[in-house]
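The values are calculated or read from the model by the stated rules, or taken from the named source; none is laboratory data. These numbers were taken from a predicted model, which means no experiment stands behind them. With ideal geometry, Cβ positions are generated from the backbone for all residues, glycine too; neighbour counts draw on all protein chains shown. Calculation scope for accessible area: heavy atoms of the full protein, side chains included, ligands and nucleic acids excluded. Shrake-Rupley method; radii C 1.70, N 1.55, O 1.52, S 1.80 Å.
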Amino acid sequence: MKIDTYEFPDDLLYDKDHNWVRIEGDSATIGLTDFGQDLAGEIVFAEVPRVGREIEQGQPFMSLESGKWVGRVKAIVSGKIVETNEEIEWESTIINEDPYGEGWFAKLELSQEPEGLLKASDDELAALIAAEREKYGK
């Protein structure tokens, strides 16, 4: 589904920090949305978390750096990391080029049901993107 000029795949869930999650049973893959990568600008560095680490929804778990921004990325779900995308440490622009494919951050085993996430079709997500576009001049 498109919201303005940004792609938001229907099979994913989203948070208000511009992260996405693909849930398949008790497994989840997480990353940054198309809109999120556009806000950040060209990502020049990604520090992926270590495998085996427990992460908690809403808490920082990794770092990203772009020409405009340096910051911690908050987890969209809680669980134990079983795989990280080490490729983004060496070629972090993959996040910009393919945020929903090769630019994923980590895969994990869910430890609890995620709360407060949005579907691409939710009016609240469209309103959030519209407000953020106005705020950041996108």
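Table for the structure above
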| quantity | calculated |
| --- | --- |
| Residues of region 125-135 classified as within 22 Å of D11 (Cβ to Cβ) and exposed (fewer than 11 other Cβ atoms within 10 Å of the Cβ), total | 0 |
| Selection within region 1-46 - open to solvent by less than 80 Å² (accessible area, probe 1.4 Å) and either more than 15 Å from the chain's Cα centre (by Cα) or among the β-branched types (V, I, T) (or both) | I3, V21, I23, G25, S27, T29, I30, T33, I43 |
| Cβ-Cβ under 6 Å pairs, at least 6 apart or on other chains, region 11-27 side free of Cβ contacts under 8 Å to residues at least 24 places away in the same chain and over 17 Å from E124 (Cα atoms), far side open to solvent by less than 60 Å² (accessible area, probe 1.4 Å) and part of a loop (DSSP other than H, G, I, E, B) | R22/L12 |
| Filter pass, K80 being open to solvent by 20 Å² or more (accessible area, probe 1.4 Å) and over 13 Å from the mean Cα position of the chain (by Cα) | yes |
| Exclusive hit being out of contact with any helix residue (DSSP H, G or I) (no Cβ under 7 Å at 6 or more places or on another chain), in contact (Cβ under 8 Å) with a residue 40 or more places away in the chain and under 20 Å from F8 (Cα atoms), set K74, K138 | K74 |
| Hey, G103 among the small types (G, A, S) and closer than 24 Å to K2 by Cβ or not | yes |
| Matching option when the condition is open to solvent by 80 Å² or more (accessible area, probe 1.4 Å) and modelled with pLDDT of 95 or more, among E87, E115 | E87 |
| Residue pairs meeting the criteria (Cβ under 8 Å; at least 6 apart or on separate chains; first under 25 Å from V48 (Cβ atoms), in region 108-135; second surrounded by fewer than 18 Cβ atoms within 10 Å (Cβ to Cβ) and small (G, A, S)) | L108/S27; E109/S27; L110/S27 |
| Residue within region 14-32 that is touching a Ser or Thr at 6+ places or on another chain (Cβ under 7 Å) and over 23 Å from E91 (Cα atoms) present | yes |
| Strands (runs of 3 or more DSSP E) completely within region 1-115 that count 2 or more residues being under 30 Å from E134 (Cβ atoms) and of a type outside the set (K, R) | 19-24, 27-32, 43-47, 60-66, 70-74 |
